[in-house]
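No value in this document is a laboratory result; all are computed from the given coordinates. Since we're looking at a predicted model, the values are computed, not measured. With ideal geometry, Cβ positions are generated from the backbone for all residues, glycine too; neighbour counts draw on all protein chains shown.
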């Protein structure tokens, strides 16, 4: 009620001033004047009391404010020189990914030692309607905008709209950045069928909507990209050569500790097999169909010590190319078990044909062991045996150091 | 004539305001989602049956490491108000949930986004340079501030203000409930302070830095941590140092949050003769702490029992 006093005061004063203006029309009489004086005095006393009360409240608030040592505006953590321009700086973090390899691989060799990627992330709220995320990855040679997009989280109709360059929502692994993968590499399926390490990562628009129902979390995503993805996956030579991606995700908590995540994906776009002298004479298309399943177990009360994630993903690539259609298939199955607060172990089985030669099938087996000193660093070793269809079997030991500095990012899920 | 016209005008405005507020009053119950069971408990105290409350992290779960499950997105999608602990406690999981909620009411800065820490008394706000050489430090101060009943009252007032902002017609109801809650907390504080008065300055060790506000309010002296640094699991050297320090200082109590492994604390207990207590820092941390006031009742009872047992006083 107290906060309404100023308004009440104003209304009373307003009415009073009007009645004063109206007074000259009537003949002034001594009795009336006295009555008015008395009224004024009463009002004055009333106001004074109210003003005193307000002052008292103000003092109380002042005391409370002084008592709170860290107010909402105290974002200065570097001490001293924080200018207004820094306050609006985005959250910045840098993640380093160092890879080493030992053993032999004659088909797809990677360097003995490599600063594989340094990813810089800038993330902030744009305005009340949007946020922006940039992930720029520096290799040893070049720089690549891995992702850079604006997200409109609250578009009418319950839509989540993203515009910019982004990793496509095709399956699970394609959407993951290198540093959140549970391995040092990407599965053969990604390498052979979904455009290599970068996967489907292109400029376009993404619209995602939840489908309300009582049983599961159901999300459908539709994305349209320019049509240039991967090393050899999609290539657009005309404006109309867009690459479309569709994804349906169903998620359900089985218990508080266990949950299941299923996905179905589709993608189509033009490939480069019909391009002659920069002209797409063949107009060949590639269609990808995918399915993924993830089961997670993490006991809530001991969540920092033990967990298990089982994943599998399947892709069927239908690639039109000179000489006919190649129907290549690939999949992986993997499991990661957290042994303790800092130790993780995992295995993975891979099998994938090649997009342009479906009968050339590569097989892979991997085992990993990771040690994470803190949330911000990780050391991983991976033994990988790859049986290439067209070359000698590779036995390799891969090792990785990952480290992040800067703003605390979200934990991957 | 002037007067009548202005009066009519004013009456119209008042009538319009009245109509507006009646429609507001006829709206459905407010959906409130709190990130922890503590905030949910306080919100229930203030909102009563005029709100529908839901929470995300369980009280027996480490609130730093909650998974951003899509099922939480569904909770947030329907929320009118999201109450969070703030001070970066939820930084690892809440931001992506908010972005994916498709709910404009609870986006950062919106009326339905309530950071409960803004008026509370926050301890351990770092001065000078902050680096992760000190572990997973919270640059905005220790986020476990709800463990002081004084802060509980401040949080309740903040929730009250926000509820009134969104449901002005229910003001009297919320005010009554807020006053009732505050008076019960006040009564509790008298009881708790009296319980702890004879043991002022008792030295304790805690696993994580979850109890600074609790210790300050009830006169405990925290002399060390099982974790060498926040978020860093115990190391043998640190554990040895801690055991030596506890022997030297005569520390007989180790407080462990329910989500940490008891192996190291038990070893410390065996070496030093200290009592190891699994003490919930949150509502829902065990069966005895179903609400905010019982949290202090239970924790302080446990503490006093342990002090008496170890000191024989």
re chain B: pairs of Cα atoms spaced beyond 27 Å account for a percent value of 49
Working note, the range A:162-288: Cα radius of gyration (Å, one decimal) and Dmax (Å, whole number) are 16.2, 58
So the angle from the long Cα axis of helix B:149-166 to the longest Cα principal axis of chain B, reported in degrees to the nearest 10, equals 20
Could you give the alpha-carbon Rg of the range A:92-189 over 2.2 N^0.38 Å, rounded to two decimals? 1.32
Apply the a/c threshold of 1.5 to the C-alpha gyration tensor of the range B:58-170 and tell me whether it is rounded, prolate or oblate. oblate
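So for B:146, A:183, fewest C-beta neighbours within 10 Å to most, what's the order? Present the calculation step by step, with values, prior to reporting the outcome.
Numbers: B:146 26, A:183 21.
Ranked by crowding around the Cβ, least crowded first: A:183, B:146.
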Going fewest to most other Cβ atoms within 10 Å around each Cβ, B:271, A:48 line up as A:48, B:271
Give me the Debye-computed log₁₀ of I(q)/I(0) at q = 0.12 Å⁻¹ for the range B:198-311, equal point scatterers on Cα only, no solvent, two decimals. -0.38
Report Rg (one decimal) and Dmax (nearest whole number) for the range A:284-413, counting Cα atoms only, units Å. 18.3, 58
Ranked list, fewest to most other Cβ atoms within 10 Å of each Cβ, for B:202, A:255, B:305: A:255, B:305, B:202
Measure nothing fancy, just the Cα-based angle from helix A:30-67's long axis to the longest principal axis of chain A, in degrees from 0 to 90, nearest 10. 30
Per-q log10 I(q)/I(0), the range A:280-341, q = 0.17, 0.29 Å⁻¹ (Debye; single scatterer per alpha-carbon; no solvent): -0.68, -1.10
Distance in Å, no decimals, from the C-alpha centre of the range A:90-130 to the one of the range B:201-247 is 37
Restricting things to alpha carbons, tell me how big chain A is in terms of Rg and Dmax, in Å. 32.2, 118
Stretch gain in nm, segment residue B:180-residue B:288, where the contour uses 0.36 nm per residue and the Cα spacing is subtracted: 36.7 nm
Once both label points are put 7 Å beyond Cα along the C-beta direction, the residue A:327-residue B:245 separation in nm becomes 6.8
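What whole-number value in cubic angstrom gives the convex hull volume per residue for the C-alpha atoms of the protein assembly as shown?
209
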Sequence-separation-based contact order of chain A, relative, with Cα cut under 8 Å and 6+ spacing, percent: 12
Using the beta-carbon distance between residue B:197 and residue B:125 and R0 = 25 Å, what value does 1/(1 + (r/R0)^6) give for FRET efficiency, to the nearest 0.05? 0.30
Run the quick spin-label model on residue B:171 and residue A:244: label points 7 Å from Cα toward the beta carbon, then report their separation in nm to one decimal. 5.5
To the nearest 500 deg cm²/dmol, what mean residue ellipticity at 222 nm is calculated for chain B from DSSP H runs of n ≥ 4 alone, each contributing -39,500 (n - 2.57), summed and divided by the residues? -15000 deg cm²/dmol
